[in-house]
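Participant: I'd like to ask you about the structure that follows.
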Amino acid sequence: MRTVRRGLLEAAVLYTLGMLVAALGAAGWTLADNGSFRWRFGVLLVVSGTLLTLTGGGLQMSRFATKEIRVLLGASPERETATGSQVLTSFGVFLLVAVPLIATGMTLTA
């Protein structure tokens, strides 16, 4: 049950970050060239969902990439788990993050 909660929390964080990045991109795009924020937000949601699908969630920083930062900050090393620091597999990222982002984006562009 704990792993399920951690996976859903990770999916919620990734979904929220995808929405935030798309919103910031759409705001910048709208400021640079007057037009519909809603349509541009939808397009960028589809693009971010597609990017997550193609990379399989590989845009997240691995434990090896954050090792030096943790040492500089005086933090202890990350705990070893069976799947590493992230709970969701690439299929989980696709199913719980990319598909909702793409569906939301397609709804906004229609």
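Participant: When you scan the range 28-50, how many residues do you find that are exposed (fewer than 14 other Cβ atoms within 10 Å of the Cβ) and in a helix (DSSP H, G or I)?
Facilitator: So the answer is 4.
Participant: For the range 82-100, enumerate the residues that are open to solvent by 80 Å² or more (accessible area, probe 1.4 Å) and at pLDDT 80 or above.
Facilitator: Thr89, Phe91, Leu95
Participant: Something else: Residues Arg70, Arg79: which one is at pLDDT below 80, open to solvent by 60 Å² or more (accessible area, probe 1.4 Å) and under 18 Å from Gly7 (Cβ atoms)?
Facilitator: The unique qualifying residue is Arg79.
Participant: Let me ask something else about it. Looking only at the range 7-49, count every residue that is within 12 Å of Val97 (Cβ to Cβ) and either of a type in the set (Lys, Arg) or touching a residue at least 12 places away in the same chain (Cβ under 8 Å) (or both) and tell me the total.
Facilitator: Final tally of qualifying residues: 11.
Participant: Is it true that Val4 is in a helix (DSSP H, G or I) and either modelled with pLDDT of 95 or more or exposed (fewer than 12 other Cβ atoms within 10 Å of the Cβ) (or both)?
Facilitator: Answer is yes for this residue.
Participant: Looking at (1) exposed (fewer than 15 other Cβ atoms within 10 Å of the Cβ); (2) part of a helix (DSSP H, G or I); (3) at pLDDT below 90, which is the one condition that is false for Ala103?
Facilitator: (3)
The values are calculated or read from the model by the stated rules, or taken from the named source; none is laboratory data. Predicted, not measured: the structure shown is a model, and the values here were computed from it. Heads up, the Cβs are rebuilt from the backbone with ideal geometry, glycines too, and the neighbour counts pull from every protein chain shown. Quick note on the areas: whole protein, heavy atoms, side chains included, nothing else; ligands and nucleic acids left out. Shrake-Rupley method; radii C 1.70, N 1.55, O 1.52, S 1.80 Å.
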